[in-house]
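The structure appears below as structure tokens.
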Amino acid sequence: AQTVTQSQPEMSVQEAETVTLSCTYDTSESNYYLFWYKQPPSRQMILVIRQEAYKQQNATENRFSVNFQKAAKSFSLKISDSQLGDTAMYFCAFMRVGAGGTSYGKLTFGQGTILTVHP
Amino acid sequence: GAVVSQHPSRVICKSGTSVKIECRSLDFQATTMFWYRQFPKKSLMLMATSNEGSKATYEQGVEKDKFLINHASLTLSTLTVTSAHPEDSSFYICSARVWRGSSYEQYFGPGTRLTVT
């Protein structure tokens, strides 16, 4: 079974600054995806970024980037130039990918980190 | 982008009654739908996975007779909370998965807040 751990229950950052959210996971799988989801006060889950385990290059999406350390089973999210709209609960998640990439497991979520961006 | 809707967004029901929550994929056909439960400031807990036309697979500890899931079509799944009690009050989120040619994508509904009085 997979586990995902987010050790920071709450974080805060000043607007325009950079913040990094931590995530570690444990798995014996060799092929998987890792995700960061954002859940703002509206509670709509929004995909922020996705990383395929077989890719060495870290994924980036505009102000959001990850530091994927496969050997250490670490997957942190860096938010640059933080904006007030980034205030949300952030979840790290893991999904197993079957051989051939045609079967996918269920999402396993971490406990979440509440991020508050202050003006 | 792909849209998943849930109805109702909020519902209040009396203890002992049943309530049905609908989840629809509006512009795509979902191969698989998922139902999650979330308590305030907590993570999403997977309740069950359902595929169109087959029985749902429930996670350990989830009562299948209490949380009835029907996946009637590739665009509609329903969750019925039977004989609801105050401890069933929670935020319920559905999610739909679709094959996009090279990988699956999973989209989430906006959630339904259930309050049992």
* **Average accessible area per residue (Å²) across region A:1-62 - probe 1.4 Å, nucleic acids and ligands excluded** => 56 Å²
* Using r as the Cβ-Cβ distance of A:Asp81 and A:Thr116, and R0 as 22 Å, what FRET efficiency do you calculate, to the nearest 0.05? -> 0.85
* Candidates B:Cys94, B:Cys23, B:Cys13: whichever shows maximal mean-square fluctuation once chain B is modelled as a Gaussian network with Cα springs under 10 Å -> B:Cys13
* Asked: Across 10 Å bins from the origin, how do the percents of Cα pairs in chain B run, short distances first?
  -> 15, 48, 31, 6, 1
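Of B:Leu76, A:Leu77, which has the most accessible area and how do the rest follow, probe 1.4 Å?
If we order B:Leu76, A:Leu77 from most to least accessible, we get B:Leu76, A:Leu77.
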* To do: Measure out, as a whole number of angstrom, how far apart the alpha-carbon centroids of region A:54-119 and region B:47-63 sit.
  => 26 Å
* Between region A:1-52 and region B:93-117, how many Å separate their Cα centres? -> 18 Å
* **10 Å Cβ neighbours from other chains, averaged over peptide A:38-48** => 4
* **Lone cysteines, chain B (no partner Cβ under 4.7 Å)** => B:Cys13
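For B:Ser15, what charge total do you get from the other residues with a beta carbon under 12 Å from its beta carbon, if Lys and Arg give +1 and Asp and Glu give -1? Display every interim value, and only then the final one.
Details: positive: B:Lys14; negative: B:Glu87, B:Asp88.
For residues surrounding B:Ser15, the net value is -1.
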* **Shielding by partners, peptide B:45-52 (average Cβ within 10 angstrom, other chains)** => 1
* Among rounded, prolate and oblate, which fits chain A when a ≥ b ≥ c are the square roots of the eigenvalues of its C-alpha gyration tensor, a/c under 1.5 means rounded, and a/b larger than b/c means prolate? -> prolate
* Asked: Do any trypsin sites (Lys or Arg not before Pro) in region B:1-98 lie in a DSSP loop with no more than 12 other beta carbon atoms within 10 Å, and if so, which?
  -> B:Lys14, B:Lys41, B:Lys55
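The values are calculated or read from the model by the stated rules, or taken from the named source; none is laboratory data. Note that the structure is a prediction, hence the values are computed from the model and not measured. Every residue, glycine as well, gets a Cβ built from its backbone with ideal geometry; the counts of neighbours run over all protein chains shown. Please note that ligands, DNA and RNA were not included when accessible areas were found on the heavy atoms of the full protein model with its side chains. Shrake-Rupley method; radii C 1.70, N 1.55, O 1.52, S 1.80 Å.
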